[in-house]
Amino acid sequence: MQSEKTTAVANSNIAIIKYWGKRDARLNLPQNSSISFTMDAQLSTLTTVEFSAKLKHDELLLNNARASSNETGRVSMFLDLIRAQARIKQKAKVVSGNSFPKGAGLASSASGFAALAAAASKAAGLKLDDRELSALARRGSGSASRSIFGGAVEWQAGTRRDGKDSVAIERSPSFKWDHLRNVVAIISSQEKKVSSRAGMEETVRTSKLFRQRLKDVEKRLDTVRKAIAEGDFEAMAETIMQDSNSMHAVMLDTWPPIRYMNDVSWAIVEEVLAFNADKGKAVAAYTFDAGPNAHVYTTEKYAKEIEARLVSIPGVQKTMVCQIGEGIRYRTEHLF
Ligand code: DP6
């Protein structure tokens with residue numbers, strides 16, 4: 001028996017209140033709720049899945065190349081969750097491609113596992129709603145739970161031990177944010193030395209400052225939820241920067257210390273602060289993930305000016321300007 005070939009596309013998301021630290025590693029349950037904006041299709045993953053009795057093992061092709069055994073293993077474990085739920089045994093062929101250039105340091109497990117969750121669950125005959133899809137994507141990678149939805153998205157940490165309430169919800173649709181931009185500054189294309197998975201585990205285990213971060217995050221979540229409800233970017237700009245700083249501070253407080261931002265990242269921080277000082281208000285907000293590349297949120301009005309300032313910083317290799325995008329979509333054209 002052969003399943004129906006299914007193709008899905010998911011966009012990446014960039015958090016403004018960060019997820020860093022799990023309370024359950026197997027179920028991928030976070031210590032705190034997080035909030036992100038979903039990016040446009042410039043940062044997306046397209047994935048086709050087909051289950052087939054003819055296959056002896058799962059096959060994974062990533063960006064036109066056979067995936068490493070590590071990558072295939074992680075995907076196989078994720079497909080096992082779907083096979084168990086759908087009560088099927090067939091192995092799958094998975095072909096996946098990112099829209100962003102390989103080695104741009106933008107590779108994201110968020111768009112990858114969101115697209116895989118959508119394509120593979122449908123190919124297996126499961127009919128999941130967005131909430132169930134978000135919970136499934138979360139098992140692949142925490143941040144992927146947010147990429148099921150478009151616009152402003154909150155991944156609610158939840159309190160249940162089985163994780164059933166740890167899913168994302170859409171806080172505000174993308175069309176309400178058509179004036180918002182993420183000016184991405186690519187500094188390094190290197191693979192990160194410490195994976196977020198390993199890094200957050202060490203932080204939870206060794207950082208005392210992390211306890212304080214969890215308290216502060218609750219206040220910042222309230223500020224950001226209110227600003228999102230009011231469609232007011234400037235009301236949350238400082239909070240976005242403070243939350244990024246807080247995450248990178250607990251990384252540094254981890255033993256052994258973890259450092260993702262470099263001197264170029266810090267030059268960008270200073271440039272954004274100087275820009276806001278020039279304008280007399282916070283019109284731009286930087287945020288950094290587990291790497292040195294910068295994401296500077298701002299409005300359409302200032303995007304070009306910010307981009308020009310970032311381009312002139314030595315060490316910035318490339319910039320791109322993203323808009324706020326949609327959640328998961330299905331395609332009738334397949335990758336194989
Ligand atoms: C720094 O979702 O990649 O980007 O759940 O272990 O796969 P796993 O981690 P992942 O972590 C992303 C962390 C972050 C902040 C964020 O996106 O909220």
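The values are calculated or read from the model by the stated rules, or taken from the named source; none is laboratory data. Since we're looking at a predicted model, the values are computed, not measured. Reconstructed Cβ throughout: ideal geometry from the backbone, glycine too, with neighbour counts over all protein chains shown. Protein only, heavy atoms only, side chains kept; ligands, DNA and RNA dropped before computing areas. Shrake-Rupley method; radii C 1.70, N 1.55, O 1.52, S 1.80 Å.
May I ask you to say which residue of 164, 226 is out of contact with any His (no Cβ under 9 Å at 6 or more places or on another chain), closer than 30 Å to residue 305 by Cα and without any contact (Cβ under 8 Å) to a residue 40 or more places away in the chain?
Values: 164 fails: closer than 30 Å to residue 305 by Cα.
After ruling out the rest, the residue left standing is 226.
In the condition set (1) buried (at least 23 other Cβ atoms within 10 Å of the Cβ); (2) within 19 Å of the chain's Cα centre (by Cα); (3) more than 21 Å from residue 152 (Cα to Cα), residue 297 is compliant with all but (3).
Residue count for segment 15-29, restricted to those that are at negative phi and either buried (at least 24 other Cβ atoms within 10 Å of the Cβ) or not in a strand (DSSP E or B) (or both): 8. Considering segment 164-263, the qualifying helices (runs of 4 or more DSSP H), each wholly inside and each with 2 or more residues that are of a type in the set (Lys, Arg) and open to solvent by 20 Å² or more (accessible area, probe 1.4 Å), run over 196-206, 209-229.
Is it fair to say residue 23 is at pLDDT 95 or above, among the charged types (D, E, K, R), within 16 Å of the ligand (Cβ to nearest atom) and over 14 Å from residue 144 (Cα atoms)? It is true that residue 23 is at pLDDT 95 or above, among the charged types (D, E, K, R), within 16 Å of the ligand (Cβ to nearest atom) and over 14 Å from residue 144 (Cα atoms).
For the structure I just gave you, tell me whether residue 135 is in a helix (DSSP H, G or I) and either open to solvent by 20 Å² or more (accessible area, probe 1.4 Å) or within 11 Å of the ligand (Cβ to nearest atom) (or both). Step through it out loud before you land on a result.
Values: in a helix (DSSP H, G or I): yes; either open to solvent by 20 Å² or more (accessible area, probe 1.4 Å) or within 11 Å of the ligand (Cβ to nearest atom) (or both): yes.
Here the answer is yes, as residue 135 does meet what is asked.
Taking the stated definitions as given, is residue 71 more than 16 Å from the ligand (Cβ to nearest atom) and open to solvent by 20 Å² or more (accessible area, probe 1.4 Å)?
No: the conditions fail for residue 71.
Taking segment 1-14 as the region of interest, how many residues are of a type in the set (Ser, Thr, Tyr) and surrounded by fewer than 23 Cβ atoms within 10 Å (Cβ to Cβ)?
First, the residues of segment 1-14 that are of a type in the set (Ser, Thr, Tyr): 3, 6-7, 12.
Of the ones still in play, those that are also surrounded by fewer than 23 Cβ atoms within 10 Å (Cβ to Cβ) are 3, 6.
Going through segment 1-14 one residue at a time, the tally reaches 2.
When every residue of segment 33-48 is checked against the conditions, at least one turns out to be in contact (Cβ under 8 Å) with a residue 12 or more places away in the chain, open to solvent by 20 Å² or more (accessible area, probe 1.4 Å), part of a strand (DSSP E or B) and farther than 30 Å from residue 216 by Cα.
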